[in-house]
Structures are given as structure tokens and as C-alpha cells.
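Down below is the structure, laid out as C-alpha cells.
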Amino acid sequence: MRNLLFIPGPVAVPEQVLAAMARPMINHRGPEFARLLGSLEERLKPVFGTTSEVLLLGGSGTSGLEAAIACAFSPGDRVLACPIGMFGRRFSNIARTYGLEVDVLETPFGEAQDPSALAARLRSRDGENYRGILLTQNETSTGAQNDMQTLARAIGDHPALVLVDAVSGLAASEFLMDAWRFDIVVAASQKALAAPPGLAMVAVSERAWQRIERSRSPRFYLDLTRARRLAKTGETPWTPPVSIAFALHAALEAYVDAGPAKVWARHERYARAIHAAAHAMGLELFSQPGAHSNTVVAIRVPPGVDAASVTRRLREQYGVVLSGGQEELKGTIWRIGTMGDISEVDVVGALAALESVLRECGCQREIGTATGAAQTVFAEPPGPRTALAV
Ligand code: PLP
């Protein structure tokens with residue numbers, strides 16, 4: 001049975017990207033790799049919305065987040081963490097691990113960061129001491145997304161470095177790192193760019209480089225200064241995952257060929273179709289209105305339904321692979337990703353399977369309502385919509 005991967009990363013990878021990984025190995029200290037690295041960086045800059053350097057690290061998204069913390073700060077620095085879910089929490093924990101003083105601006109899970117609460121905290125007496133602000137663009141654990149432009153406005157010209165975890169959102173909507181004055185933005189290969197896991201991408205502003213020069217935190221493998229120095233000669237400090245770099249290059253070509261605006265609209269459309277289907281089945285979204293992510297839809301598990309048995313049946317009977325909730329959300333939500341090489345037909349098929357399994361569980365009476373709702377969304381003429389934000 002063919003698996004339909006609807007988890008929020010790693011995602012289904014298109015054939016031409018998989019094929020790129022079959023290329024023969026090259027010398028990672030030779031001219032061919034130097035050209036590849038240069039070309040990757042040039043293609044990544046517009047995705048981040050920056051003219052600053054974008055470095056590639058061999059590792060998953062977390063390696064990029066750890067590199068950002070380890071390099072930007074020194075032990076004892078005070079930072080404001082703004083988690084809106086488990087991944088934001090992880091970002092704070094990395095900061096604590098490196099000896100930072102972490103103040104947490106709490107947000108109920110399912111909601112986005114309230115910009116006025118952030119602005120008020122930054123203006124408070126503590127506010128002026130923050131050397132860093134940690135944000136999550138898209139919170140994969142709750143299906144909530146921040147409005148980064150509004151948060152950028154709320155931060156204004158506060159001198160703290162702004163670090164953004166954009167792992168599960170970058171390339172799925174417009175991102176303007178320079179215009180929004182973000183300092184370090186981290187993404188990963190296995191999400192909206194639809195390449196396999198293995199590379200973290202870290203964009204670093206000029207202001208951040210100045211701080212990085214002065215930082216006293218220990219680091220070795222994740223030293224961004226060393227990565228910057230080597231990148232200038234077309235190398236990475238350590239042996240890179242060359243095949244993943246080939247794949248990422250093919251994925252970026254596909255992204256540009258498809259047209260970024262069309263890719264963003266596709267994610268939004270898939271999310272809207274899944275919302276409509278959930279609504280038609282009488283299921284509730286976990287994310288709050290105004291905060292819905294376009295890359296991961298979190299649906300509340302109805303009372304009396306065993307979340308894990310639904311995901312197991314979906315997988316075993318239909319080959320449809322969804323995620324459950326993490327940590328305290330385990331058993332209470334399902335998460336459906338919209339990223340990767342999935343078609344409208346795949347979305348409708350996955351929803352049909354979900355509807356059938358829920359019917360078997362006795363919590364869905366009719367067949368065809370969810371798929372019909374999704375098809376209705378897909379029948380609308382394509383074009384940018386803002387429905388997810390309201
Ligand atoms: N941040 C966010 C928002 C994520 O979604 C993920 C992974 O799903 C991570 C960080 C961690 O990335 P990785 O698993 O690639 O280390």
C-alpha cells in the first residue's frame with residue numbers, strides 16, 4: 001500500500017528531489033560543492049527575505065536553533081522567550097541549557113502570541129534588560145501561527161536580537177526577515193521546502209554577527225563564525241550531507257518554478273480544505289480563530305474517541321499517516337500537515353479515510369460530508385485568500 005504522508009515533517013518528497021540524491025558523490029572541498037553551496041545560498045536568501053548570509057548546517061532544525069542560541073548569547077544573558085507550544089518551549093530549554101536567564105511570556109496553547117502583550121513586556125522595567133527575544137513563526141505542536149509582521153512591529157527598535165524558529169513555516173508563506181528586522185532565522189530542509197531531513201538553514205543579520213563576535217558561550221560543531229568563514233570559500237566546517245544538499249537544490253528549483261506565491265496559496269488552500277472538512281464532520285480545530293497555521297491543522301479529538309486507535313487504523317487500513325498530539329496534548333488532538341508533495345486528490349483521499357475511520361468509531365454518521373466540503377474549497381478559483389487569518 002502506498003503511504004500518504006500527512007505528518008508535519010518530514011514530508012512527502014517529489015520524485016525529482018529524490019532522484020537528485022542518487023547523484024554520485026562529489027568532493028565536499030572541491031569546486032563543484034562550492035558552486036552548489038553558493039547556489040543554495042543565493043536561492044535561499046529570497047525565501048528568508050534577506051540579503052544577509054544563509055548558512056547550512058548538517059543537522060535537523062534543532063541544530064540550527066542550538067547554533068543560534070550558542071552563538072548569539074553569553075551565559076547570564078537575559079532573554080524573553082515567547083513560546084506558543086512545545087517547540088517554543090524547546091527553544092527556551094536550549095537557552096536555559098546555555099546558561100541564559102529565560103523569562104517566559106506565556107500564551108495559552110492554540111493561540112498566537114499577542115503582539116500587545118509582547119510590546120507591553122518589552123516596555124516594562126524588565127524589558128530593557130532583554131538581550132534576546134525568541135519567537136516561533138509556526139507552532140507545529142498546536143497548529144497555530146504567529147503574525148510575524150505584527151510581532152515585528154510590536155518589537156519596534158528594541159535592541160534585543162530577535163531569533164525566529166521558522167522551521168515549519170518558512171517557504172509556506174511570505175517571510176521578510178530584513179524588513180521585519182529579525183536577526184537569526186532558522187529553517188530545516190524537511191518541511192515546506194519538501195526535501196528530506198538533514199540540513200538546517202540559518203540566516204544571520206549583520207547586527208547578529210556583531211553580537212556573535214562577542215559571545216562567550218561554548219560551541220564547537222555549531223560554531224556559526226566558523227561556518228561563515230568556510231562558506232566564503234565554498235565549504236562547510238564539517239563533512240556536509242552532500243546528497244541532502246543536492247536534494248535541497250532540486251527542491252528550491254521546484255519552489256521557484258512553481259512560483260512562491262502559488263506555493264504559499266497551495267498550503268493555505270489545503271489547510272482551508274481540511275478546516276472545511278473538520279467543520280463538516282462536527283470536529284473542532286485546536287488553534288484559535290486568527291491563529292490558524294497554513295502548514296499544520298490541529299483537530300481536537302472528540303470525546304470518547306481513542307486518538308491513537310484512529311491514527312493506527314488510518315495507517316493500517318488506508319496508508320494515511322497523521323500525527324497525534326505531543327506531551328500534554330497527546331491523545332487530545334490530531335495534526336495534519338499540508339506540506340510536501342501532496343495533491344488535492346491526496347487531501348480528499350486522506351479526508352475520506354478519516355471520515356470512514358471515524359464512522360467505524362461511531363462518531364461520524366455520514367460519508368461524503370468531509371470530502372464534499374474539501375472539494376468545495378478546491379472548486380473555488382485559485383488565488384490568495386485570507387480566510388485562515390479570520
Ligand atoms: N521547531 C519547529 C516549529 C518544528 O516544527 C520542529 C520540528 O518539527 C523543530 C523546531 C525541530 O526540528 P527538527 O525536528 O528538525 O530538529
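The values are calculated or read from the model by the stated rules, or taken from the named source; none is laboratory data. These figures come from a predicted structure and were not determined experimentally. In this analysis, Cβ positions are derived from the backbone assuming ideal geometry, glycine residues included, and neighbour counts consider all displayed protein chains. Side chains are part of the model used for accessible areas, which takes the heavy atoms of the whole protein and leaves out ligands, DNA and RNA. Shrake-Rupley method; radii C 1.70, N 1.55, O 1.52, S 1.80 Å.
Solvent-free Debye calculation, one equal scatterer per alpha-carbon of the range 259-379: log10 I(q)/I(0) at 0.12, 0.13, 0.22 Å⁻¹ equals -0.39, -0.46, -1.39. The spacing between the range 54-74 and the range 217-290, judged by their C-alpha centroids, is 15 Å.
Count Lys and Arg as plus one, Asp and Glu as minus one, and take only other residues whose Cβ is under 12 Å from that of ALA251; the net charge is then -2. Each residue, ALA22 and SER39, gets one label point 7 Å from its Cα in the Cβ direction; the gap between the two is 1.9 nm. Within 9 Å, Cβ to Cβ, of GLY61, how many net charges do the neighbouring residues add up to if Lys/Arg are +1 and Asp/Glu are -1? Local charge sum for GLY61: 0.
Which longest run of the chain has no exposed loop site in it, a site being GluC sites (Glu not before Pro) in a DSSP loop with at most 16 other beta carbons within 10 Å, and the site itself not part of the run? Walk me through the numbers on the way to the answer.
Numbers: sites that count: GLU106, GLU174, GLU284, GLU366.
Value returned for the longest uninterrupted segment is 175-283.
Between rounded, prolate and oblate, where does the range 209-300 land on the alpha carbon gyration tensor, with a ≥ b ≥ c its root eigenvalues, rounded for a/c under 1.5, else prolate if a/b exceeds b/c? Prolate is the answer for the range 209-300, as a/c is 1.5 or above and a/b outweighs b/c.
A crude spin-label estimate for the pair GLU101 and THR233, with each label 7 Å from Cα along the Cβ direction, gives 4.1 nm.
Accessible-area rank, largest first, for TRP264, TRP180: TRP264, TRP180, with all protein chains present and a 1.4 angstrom probe. For the pair ARG312 and GLU380, a Förster radius of 30 Å applied to the C-beta separation gives a FRET efficiency near 0.35, rounded to the nearest 0.05.
In this label model, ARG359 and ARG2 are separated by 2.3 nm, measuring between points 7 Å along each Cα→Cβ vector.
Quick one: helix 86-97 against the long Cα principal axis of the chain, what's the angle to the nearest 10°, folded into 0 to 90? That works out to roughly 20 degrees. For the chain, the square roots a ≥ b ≥ c of the C-alpha gyration tensor eigenvalues yield an a/c of 1.5 or more together with a/b not exceeding b/c, which makes the shape oblate. Charged neighbours of ASN146, selected by a Cβ distance under 13 Å, balance to -4 (K, R count +1; D, E count -1).
Could you pull out the longest piece of the chain with no exposed loop trypsin sites (Lys or Arg not before Pro) in it, calling a site exposed if DSSP puts it outside H, G, I, E, B and it has at most 12 other Cβ atoms within 10 Å? Don't jump to the answer; show the numbers that get you there.
On the way: sites that count: ARG2, ARG125, ARG216, LYS232, LYS330, ARG365.
That would be 3-124.
Both the radius of gyration and Dmax for the range 13-77 are 15.3, 47 Å, in that order, over alpha-carbon atoms. Over the range 122-238, what percent of the accessible surface lies on carbon and sulfur atoms, probe 1.4 Å? After summing per-atom areas, the C and S share lands at 48 percent.
Compute the separation of the alpha-carbon centres of the range 119-191 and the range 1-52 and state it in Å as a whole number. Comparing the Cα centres of the range 119-191 and the range 1-52, I get a distance of 25 Å. Taking each residue as 0.36 nm, the span from ASP178 to GLN210 lengthens on full extension beyond its C-alpha to C-alpha distance by 9.9 nm.
Eigen-decomposition of the gyration tensor built on the alpha-carbon atoms of the range 43-136 gives equivalent ellipsoid semi-axes of 23, 17, 14 angstrom, largest listed first. Could you point to the residue in SER141, LEU122, GLY99 farthest towards the positive end of the range 87-157's charge dipole, with +1 and -1 charges on the Cβ of Lys/Arg and Asp/Glu respectively? So the residue furthest toward the plus end is GLY99. Placing +1 on the Cβ of every Lys and Arg and -1 on the Cβ of every Asp and Glu, with nothing else charged, gives the chain a dipole about its Cα centre of roughly 580 debye.
Nearest 20 debye, what's the magnitude of the dipole of the range 130-224 about its Cα centre given +1 on Lys and Arg Cβ and -1 on Asp and Glu Cβ?
Dipole size: approximately 300 debye.
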